[in-house]
Amino acid sequence: MLDRRTALKTLLTLYVTSDQATAADATADQVTTPLGRDRAATGVDVMDMVFRNPGENDAATRYVDPVFLTERQFDAQVIEHAIEGVPTFSTFDPSIMPAGSPQSQLAAQLQSEIGAKIDAAKQSGLKVYAWCQFVILPQALLKKYGTEMVDERGRLDVRRPMTQNILKVFIAELFAAFPRLDGLVIRTGEVYLHDLPYHDSGLPKGAARDAIQSATAITHGESSHVALINLLRDEVCVKSNRTVYYRTWDFGHNFHNNPKYYLDVTDAIDPHPQLIFSIKHQSGDFHRLTPFNPSLATGRHRQAIEVQCQLEAYGKGAHPYYVAQGVIEGWEEYAWLMPAGAARCLQDVIRDPRIKTVWTWSRGGGWAGPVIQDELWCDLNAYVIMNYARDPAQSEAVHFERYGRDILKLSDADTRLLRQACLLSARAVLRGQLSNLGVNIDVWWCRDNTMSEPQLRDIVSKGLSEAAIVEKQEALGMWREIELLMSQIRFATPERQSFARISASYGRIKYAIFAAAWTTLLLDQEGKIHGGQHRQRIRKAIEDYDRLWKEFDALKALPLCPTLPAPVARGGTAGLGAAMDRLRSA
């Protein structure tokens, strides 16, 4: 290991080199930034990220192309590409990753791949930030120094001096490897190791590691956040003159959705113009029946608002699901879900001086499928949200109309039909997959390409079974109307025409399956709890369910049809299909 004096000297050299490169890039950016990319009246930056799901291949999307992002007038791009694997810690202890080792070869490969993405973004005039999970470190380093980095329970502790020193080296080596990088997007709430076989997020346990980790940097609540944020503020913002987007996302009633927790942490940090707290727009994950995030537009610090455009629990772009109006103007369920006077949507906070950035997750999130070949519905959401953030003086409806006219090249009449279908999709998804009856439902029962058995006890116990069955039929009627509207719209290309119609049919069949399944499950539970004979209706619903799956299988044979979900729970365990089989044989 290098002695402390040598290590400190090396770190200072890295910072000076990085600062010089940053200054040079700032000058270059003034020249290369395209004309016309003036800031919106709100002063809000807009940036985009394609989330590369851990262990999966990159999505086929235009949103990874910096030229496309520039044409759409984004200000910045977030790159998610296992950047945690780049630092070799050669400035701290060369034995951690010996030259020529598989670990160092992977680090070099990642540096080359990420560097090419950064260069492409900078060449297009974009700022570029790297998605970075904290804390992920080489297994060899953790094995050698881990006992000095953990608390009394053996958990990695960001407050320990050795951990702090190692993280400083990590940051310095990152910016030495990528001098053109504008900053980091910090993720602590959940950590994934799929693409980093030689790294871990804690002491080696001897057994096979779990690639999915939770909150590895935050083992001591608020004090862990404060220690890590102060380190990042000093090392990235102050010393390196770069930006930190510190994401509040976590689980439970903590940093992300508890305003008191949020203020307890952030009030302990001195504000800095390049320290920004990034918060999902909803108080929880990207779901319906979820209030607007109460931590937005509070506290002393700048904030960013995150919006997902390919909703992982609602088809992932396989069928129409327009979220931009709900994000911008508030969801219809907020009429009964949220108190009067509370901020409910983007338009309530976008002009607050603390809001610095709106960033879209144009693609990605969740796991596996459905896989789409046309990103129409994701693109529509991203376009309207991004343009509204840049120009909130224009309504959501105006930005939608521009998308229809300028991007899709539709006539005014067809744009109106498209808008009618899209607004219907938001109402149909709420009623078809969840409920607007004010009942408790696990919003995760259907996600990605899986369908669990929905838990409907609250509906039955409140005597709302028939109302819920009617609600599902109302949703199905909306999907039939969406299908009809799509058949009337003339899109610019045959391929887009075909996808739009197929995706509408996809949505109609999927939500018809939900209607049949919910009818079956509700009537079964109703009979068990309240008595009554519903066997004939149950038999008819099961017949509908089986017929609809055959129709779904026929649809998937069409060239542009997205991949289908399966009636199993996440992980392949028993799900909706098993529940229906149970009742089929009852």
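The values are calculated or read from the model by the stated rules, or taken from the named source; none is laboratory data. All figures in this text were calculated on a predicted structure; none of them were measured in a lab. Every residue, glycine among them, receives a Cβ derived from its backbone with ideal geometry; neighbour counts consider all protein chains shown. These area figures cover heavy atoms from the full protein model, side chains too; ligands, DNA and RNA do not enter into them. Shrake-Rupley method; radii C 1.70, N 1.55, O 1.52, S 1.80 Å.
Remarks
- With the whole protein complex present, HIS287 retains an accessible surface near 10 Å², based on a 1.4 Å probe.
- Packing order of peptides 112-123, 337-348, 317-328, highest average first: 317-328, 112-123, 337-348 (average count of other Cβ atoms within 10 Å over each peptide's residues).
- For VAL150, the residues whose modelled amide H falls within less than 5 Å of its own, excluding neighbours fewer than 5 places apart on the same chain, are ASP157.
- Amide proton proximity set for ILE305, modelled H, under 5 Å, gap of 5+: ILE279, THR357, VAL358, TRP359
- Given a 1.4 Å probe and the protein chains as shown, PHE51 ends up with an accessible area of around 20 Å².
- Rg and Dmax, both from the Cα atoms of the range 123-199 and both in Å, are 14.2, 49.
- Heavy-atom accessible area order for ASP75, ASP93, ASP442, largest first, 1.4 Å probe: ASP442, ASP75, ASP93
- Rounded accessible area of ILE171 (nearest 10 Å², 1.4 Å probe): 0
- For the range 141-258, a crude dipole built from +1 on the beta carbon of Lys and Arg and -1 on the beta carbon of Asp and Glu, taken about the Cα centre, is about 200 debye to the nearest 20.
- Partner lysines for LYS472 [C-alpha distance under 27 Å; skip if fewer than 8 residues away on the same chain]: LYS316, LYS462, LYS510, LYS528, LYS540, LYS550, LYS556
- In the chain, the longest principal axis of the Cα atoms and the axis of helix 535-555 are about 60 degrees apart.
- Rounded to the nearest 10 degrees, the angle from helix 412-433 to the longest Cα principal axis of the chain is 90 degrees.
- For the pair the range 162-208 / the range 239-272, the C-alpha centres are spaced 19 Å from each other.
- Residue order by solvent-accessible surface for LYS528, LYS510 is LYS528, LYS510, largest first, with ligands and nucleic acids left out and a 1.4 Å probe.
- Antiparallel %, DSSP beta bridges [both residues in the chain], to 5: 20
- Accessible surface of the chain, 1.4 Å probe, proportion on carbon and sulfur as whole %: 52
- Integer Hz, Karplus 6.51/-1.76/1.60 couplings in order for the range 86-99, x for Gly and Pro: 7, x, 9, 6, 5, 7, 10, 7, x, 6, 5, 9, x, 4
- Karplus-based coupling profile of the range 137-154, in residue order and whole Hz: 9, x, 4, 4, 5, 5, 5, 7, 10, x, 5, 8, 10, 10, 8, 5, 9, x, with θ = phi - 60° in 6.51 cos²θ - 1.76 cosθ + 1.60 and x standing for Gly or Pro.
- Annotation: per residue accessible area for the chain equals 39 Å², rounded to a whole number [probe 1.4 Å, protein chains only].
- Our summary of shape: the Cα atoms of the chain have principal axis extents of 82, 55, 48 Å, ordered from largest down, in whole angstrom.
- Seen against the Cα atoms of the chain and their longest principal axis, helix 494-530 is set at about 70 degrees.
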